[in-house]
Amino acid sequence: MSEINKLQAKKPVALVTGATGFVGGHLATRLLKDGWDVHILIRNGSVLPEQPEFGRMACHVHDGSTESMIACLANAKPDIVFHLASLFLSQHASKDIDALIRSNVQFATQLLEAMNANLCTRLVNTGTSWQHYNNEDYNPVCLYAATKQAFEAILEYYVQACSFKAITLKLFDTYGPGDLRPKLFHLLNKAAASGEALDMSAGEQFIDLVHIDDVMEAFLIAAQRLLDGKVPVSESYAVSSGQPLPLKDLVALYAEVSGQTIRVNWGARPYRYREVMAPWNRGASLPGWKPQISLSEGMKSLKNH
Ligand SMILES: NC(=O)c1ccc[n+]([C@@H]2O[C@H](COP(=O)([O-])OP(=O)(O)OC[C@H]3O[C@@H](n4cnc5c(N)ncnc54)[C@H](OP(=O)(O)O)[C@@H]3O)[C@@H](O)[C@H]2O)c1
C-alpha cells in the first residue's frame, strides 16, 4: 500500500499550534468533529478554552526549547501540522521585539526542525495579507507581517532541503462566534450597549472579512491537498472574501443586521500608520475553495452568541 493509501485508510493525526486562539481553536474543534485524531501544542502558561472538546485532544506543552519541541512531535506523530500560533501586533514598540521574534520566528523554526527530526513533512502554515501592502509581492504593513515573511523564507529551506510539502494560507480579517479579540464587532456591540459614540477614522478603508467557517474549509481543503500528495513543494493561497467593503458600509450593514443603533464619530481618529486602504487582491485562490457565507448571513450568526 502506498503511503497516501495508508493515510487514507486510517484516522489522520493533526497537530495544531495556536489552538488557544480564535482561528486555531475553531480549527482544532472542527478537526475533532470531522474525525481527526487531534493533538494541540501549547506553551507553559497557555490557558485552554473551557469547551469540553479540548478534553478530547492530546495536549503537548512546549517549554520553549528545541529539545522539548522535538519531544512533543515525537509523542504526537502527526500526519500534518497546522501552524497557527503567532503574536499579532499591528504596530510594535521596541520592547516587543523579543516576543515577536520568539513566537513568529523562533517557535515556528523549532517546530520545523522538530518535524524534520520526526520525519513529519506536511505543513499548513498561516500567513497574512499584510505581507502585501500596496498590493505588492512583498511589502510588510508592519513588523509582525515581516516576521511572517521571515518564517516563510525559513520554511523554504525545509521545503528545498528536507522535502517538506507546505501550504501557506494567507488570511485577511476573520470573524465569527467565539471571537474574544477586541476586534470591530466587539467594539461596535460595546458602543451600541453603552449608547456612547465610538471614535473612528474616516472609515474609507476597505475591509476583507471572511467568516470563520469559510476559513475552516480553506484549512481542510489545504490539508486534503497535502494528504492527497498534490503539493510537490510549497504553495501559497489568499483566503479572501473577494468582496471587501469600506469600513463605513460595514458598520452600517452591521447596525442594520443586528438591529442596533451604533453611533460613530467618523474622522475623530487619524488613520493608522500604513493603514491598509485597499486589501491585497493578487493572491492565488485555493483550488476548490470559495467563501460560502455572505457578510449579512455571517453577521446574523454573531447575534446568536
Ligand atoms: N484572525 C485574523 O483575522 C488573522 C488575519 C491574518 C492572519 N492571521 C493569522 O492566523 C493565525 C491565528 O490567528 P488568531 O487570530 O487565531 O490568533 P490569536 O487568537 O491571537 O491566538 C494566537 C495563538 O498563538 C499562540 N501563541 C502566541 N505566541 C506564542 C508563542 N510564543 N509560543 C506558542 N504559542 C504562541 C497563543 O497561545 P497563548 O494562549 O499561549 O497565548 C494563541 O494560541 C495567526 O498565525 C495569525 O497571524 C489571523
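From the list Ser68, Ser86, exactly one residue is at pLDDT 95 or above, of a type in the set (Ser, Thr, Tyr) and not in a helix (DSSP H, G or I). Which is it?
Working: Ser68 fails: not in a helix (DSSP H, G or I).
One residue alone meets the criteria, Ser86.
Within region 111-134, which residues are crowded, with 21+ Cβ neighbours inside 10 Å and either more than 9 Å from the ligand (Cβ to nearest atom) or on the phi > 0 side of the Ramachandran plot (or both)?
Leu111, Leu112, Ala114, Met115, Cys120, Arg122, Leu123, Val124, Gln131, His132
Look through region 209-232, keep the residues that are in contact with a helix residue (DSSP H, G or I) (Cβ under 8 Å, 6 or more places away or on another chain) and within 16 Å of Ile80 (Cβ to Cβ), and return whichever of them is surrounded by the most Cβ atoms within 10 Å (Cβ to Cβ).
That would be Phe219.
Please find, among Ser86, Ser90, the residue that is within 14 Å of the ligand (Cβ to nearest atom), touching a Gly at 6+ places or on another chain (Cβ under 7 Å), in the same structural domain as Gly45 (by TED's automatic domain parsing) and touching a residue at least 40 places away in the same chain (Cβ under 8 Å).
On inspection, the qualifying residue turns out to be Ser86.
Being away from the ligand (no atom under 12 Å from the Cβ), more than 21 Å from the chain's Cα centre (by Cα) and on the phi > 0 side of the Ramachandran plot, is that true of even one residue in region 74-83?
yes
The values are calculated or read from the model by the stated rules, or taken from the named source; none is laboratory data. Computed from a predicted model, the values in this text were never measured in an experiment. Neighbour counts run over all protein chains shown; Cβ positions are idealised from the backbone, glycine included.
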